[in-house]
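Encoded as structure tokens, the structure appears first; notes follow it.
The values are calculated or read from the model by the stated rules, or taken from the named source; none is laboratory data. Keep in mind that this is a model prediction, so the values were computed, not measured. For neighbour counting, all protein chains shown are included, and Cβ atoms are generated from backbone atoms with ideal geometry for every residue, glycine included. All accessible areas refer to the heavy atoms of the entire protein, side chains included, with ligands and DNA or RNA removed. Shrake-Rupley method; radii C 1.70, N 1.55, O 1.52, S 1.80 Å.
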Amino acid sequence: MAAGEHWQSALSEHALFSSLKERLRDVEELREEGERRASKDKQLRNLLCVLDGDLLVWDAEECAFHTVTLRSLSVESTGSSSSGEQKLLCTNPPLFDVNEVLLSPTQHHVALVGSKGVMVLEIPKRWGKKSEFEGGEKTVNCRTIPIAERIFTSSTSLLLKQAIWYPSETQEPHLILLTSDNILRLYNLQDLFTPVKVISLSSAEEETTLPHNGRSYKASLGETAVACDFGPLAVLPKGFGQHSKEDTVAYPLYILYETGETYLMYIDLQKSNITVGKLLGPLPMYPAAEDNYGYDACALLCLPCVPNIIVIATESGLLYHCVVLEGEEDDEQTSNKSWNSSCDLIPSLYVFECVELELALKFATEEEESLELDFACPIKLHRDPICPSRYHCTHVAGVHSVGLTWFNKLEKFLSSGEEDKDSLQELAAEQKCLVEHILCTKPLRCRLPSPIQGFWIISDLFLGTSMICITCDFECIVRPLLTTIRPPSPPLLCSQSDKSSTEILPHVLADVKGPFEEHIRGILRRNSANPLLLNSSSKDSSPPPEECLQLLSRATQVFREEYLLKQDLANEEIQRRVKLLIAQKEKQLEDLRYCREERKSLTETAERLAEKFEEAKEKQEDLINRLKRILRSFHTQLPVLSESERDMKKELQATNQQLQQLGNSINQVNRKMSYQEKQMEKGKSPRKSSLTLSDYQKKNIKAVLKEHGEHIQEMVKQINNIRNHVNF
């Protein structure tokens with residue numbers, strides 16, 4: 001946070017803006033006081049962009065970009081604010097006044113857009129230790145090429161309404177120009193003189209020009225296109241382009257007319273040939289309105305979400321949030337421009353809500369004269385690169401930020417599959433969008449506005465999220481963006497295991513809907529705020545005391561109603577919540593004491609039951625042993641033998657017979673043994689026997705004796721086994 005605050009303050013005090021202010025002051029001194037700040041300075045412009053952490057500011061006097069390295073400003077060191085400055089010169093400077101700079105989706109080109117022409121500047125390569133342009137040279141020449149130069153020079157009445165890049169980041173860059181003759185021209189940067197596609201938004205019969213000023217009747221009636229914007233990539237409807245069974249995707253281009261009507265066209269550059277769909281529209285708007293939602297439409301923005309949400313802005317400060325939904329078959333969908341309702345269905349615009357911006361500060365004394373003193377000016381809409389449900393509005397009188405807090409609820413409503421589209425209005429009535437008045441350059445009615453000359457949203461991990469705004473006096477304003485409408489972070493994995501325990505908690509505060517934090521946020525949510533005030537007039541002349549008093553009274557009233565009163569209401573809700581929580585705590589403590597007593601009594605009861613269980617178990621074992629003895633004695637007293645006893649009897653008789661046989665065999669062995677002993681004693685006598693045996697006979701005798709000995713050992717083993725078996 002400290003580094004982020006440091007670069008923001010350092011950028012506001014940068015030497016580049018100081019030098020631009022001094023040069024502007026010198027130019028104004030050369031002009032006459034009546035011509036000071038002519039219409040050139042009163043026009044809304046956007047002359048800055050941010051590329052990879054470098055701020056590019058267009059200098060109309062030198063026809064060059066001044067670059068400021070924002071990352072170097074975050075380092076707290078003296079003299080380092082100008083170390084990363086570079087100047088990008090144009091090889092072919094534009095001859096028209098540049099009103100807007102557009103960074104291409106590939107970030108390789110910058111379009112210099114004016115009402116009388118367009119030029120494309122190629123961004124130079126980066127290299128070196130600090131990754132600066134052309135290795136860090138102070139002045140870099142950049143190739144600049146004009147687009148449709150012959151068309152604008154040949155027609156003095158032709159004006160450029162809007163220029164937008166084709167939103168694809170993987171294909172060759174294409175630039176689309178919307179001109180005042182109601183024609184869309186698509187240019188490829190490979191061929192900047194001939195458009196690859198020319199799309200007429202009106203028929204030739206209706207374009208009859210007036211002889212005195214060259215304007216068409218449709219332009220005089222406001223039936224010309226004033227703005228266009230691409231939506232996210234979508235699947236094409238049937239009847240588009242080539243007839244193929246596979247689904248084809250294209251970018252929808254929404255075109256806004258000054259009358260408030262919206263048209264739709266699909267453009268596909270995915271293939272080698274460029275495919276442009278039919279002009280569909282005007283898209284029906286529901287619920288219907290008598291004035292068709294205004295006749296001074298000036299800007300259109302399609303938010304990058306599905307379904308598409310279109311924002312239509314009018315010069316009176318009204319913003320219409322429209323949800324683009326598929327058309328129904330019973331809708332009366334007609335179009336005089338190459339539209340056949342029998343083949344396709346026109347999408348519908350459901351006006352979700354209408355928001356009125358406070359372009360200039362209004363005071364309580366102006367209520368009676370509000371109709372005569374209403375301030376109107378063109379509005380420019382800007383996307384937010386971080387939050388898709390937020391956008392920003394710039395105009396000559398200041399900057400507004402709008403957040404669609406109902407975006408998530410709308411997604412849930414559409415995913416539920418309900419067919420009642422009228423309930424969208426009920427959903428919109430529950431929660432309005434959040435509007436923040438960030439900057440006001442027309443604080444007093446008697447002062448001229450200080451038009452915005454540059455606006456950009458920085459979304460960088462190192463620099464954070466901030467808004468950069470430059471006024472016509474080259475005053476740089478850096479402000480953090482609102483964070484109340486950003487989607488919440490996903491829950492941690494460790495918190496998912498506690499979900500079962502949190503579900504069983506008792507319900508508290510049934511009269512407060514939703515979590516208490518959201519309830520307090522709803523109370524503290526401000527409907528209006530005191531923006532940063534800038535005075536465009538000379539510092540020497542002070543405003544009248546009456547208007548200063550009105551400005552002070554309004555600021556005091558806003559602080560009282562939007563801050564103090566709501567904080568008092570939040571304090572009362574918190575005190576009420578505290579009282580209820582104290583009562584709930586006392587009730588829970590009482591329940592806890594009761595549970596402890598119950599646990600103690602249950603523990604004693606469990607001990608008694610355990611002792612009784614042990615005694616019952618011992619008695620059961622005694623009873624089982626007694627039953628076994630009774631059954632054994634009962635079977636012994638039966639007069640008839642059972643089958644098992646008969647089998648045992650047969651087995652014992654067979655064993656007895658075997659014992660008798662073995663006993664006879666033992667007697668024979670004993671006799672032989674005694675006979676052998678006698679023979680051995682005779683052999684020990686000193687008398688020599690006259691009997692001599694040969695070696696062969698000795699060998700046979702030893703073999704016979706060995707065989708008999710083994711046989712005797714086997715019989716002894718069998719006898720021992722029989723004895724053991726009989727004894728058992």
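Among the residues of segment 252-276, those identified as part of a loop (DSSP other than H, G, I, E, B) and either under 20 Å from residue 377 (Cα atoms) or modelled with pLDDT of 75 or more (or both) are 258, 259, 260, 261, 269. Just one residue in the set 50, 57 is at pLDDT 85 or above and open to solvent by less than 10 Å² (accessible area, probe 1.4 Å); that residue is 57.
Considering segment 119-140, and only residues there that are among the β-branched types (Val, Ile, Thr) and free of Cβ contacts under 8 Å to residues at least 60 places away in the same chain, the residue that is surrounded by the most Cβ atoms within 10 Å (Cβ to Cβ) turns out to be 140.
Look at residue 72 and say whether it is modelled with pLDDT under 65, of a type outside the set (Phe, Trp, Tyr) and buried (at least 17 other Cβ atoms within 10 Å of the Cβ). No. When 392, 400, 382 are checked against the criterion of being under 22 Å from the mean Cα position of the chain (by Cα), at pLDDT 85 or above and open to solvent by less than 20 Å² (accessible area, probe 1.4 Å), a single residue qualifies: 392. Considering only residues in segment 229-251 that are of a type in the set (A, V, I, L, M, F, W, C) and not in a loop (DSSP other than H, G, I, E, B), the one that is modelled with the highest pLDDT turns out to be 230. Hey, among the residues in segment 305-324 that are assigned to a loop (DSSP other than H, G, I, E, B) and either in contact with a Gly (Cβ under 8 Å, 6 or more places away or on another chain) or in the same structural domain as residue 434 (by the TED database) (or both), which one's surrounded by the most Cβ atoms within 10 Å (Cβ to Cβ)? Only one residue tops the list, namely 308. Of all the criteria given as (1) modelled with pLDDT under 65; (2) more than 26 Å from residue 163 (Cβ to Cβ), the one not satisfied by residue 40 is (2).
Residue 427 satisfies every condition listed in (1) open to solvent by 20 Å² or more (accessible area, probe 1.4 Å); (2) modelled with pLDDT of 75 or more except (2). Listed by first and then second residue, the pairs linking a residue in segment 456-474 that is not assigned by the TED database to the domain that holds residue 51 and open to solvent by less than 50 Å² (accessible area, probe 1.4 Å) to a residue that is among the basic types (Lys, Arg) and part of a strand (DSSP E or B), with Cβ atoms under 8 Å apart and 6 or more places separating them unless they lie on different chains, are 466/479; 467/479; 469/479.
Filtering segment 389-403 to residues that are of a type in the set (Ser, Thr, Tyr) and in a strand (DSSP E or B) leaves 391, 394, 401.
Cβ contacts < 9 Å: first residue closer than 11 Å to residue 718 by Cβ and assigned to a helix (DSSP H, G or I), restricted to segment 651-665; second residue open to solvent by less than 40 Å² (accessible area, probe 1.4 Å) and not β-branched (Val, Ile, Thr), any location; separation 6+ or different chain. Result? Going by the 9 Å Cβ cut-off, the qualifying pairs are 662/715; 665/715.
Within this structure, residue 550 fails the test of being among the polar types (S, T, N, Q), modelled with pLDDT of 90 or more, surrounded by 10 or more Cβ atoms within 10 Å (Cβ to Cβ) and farther than 22 Å from residue 523 by Cβ. When segment 161-192 is limited to residues that are of a type in the set (Phe, Trp, Tyr) and not in a loop (DSSP other than H, G, I, E, B), the one that is surrounded by the most Cβ atoms within 10 Å (Cβ to Cβ) turns out to be 187.
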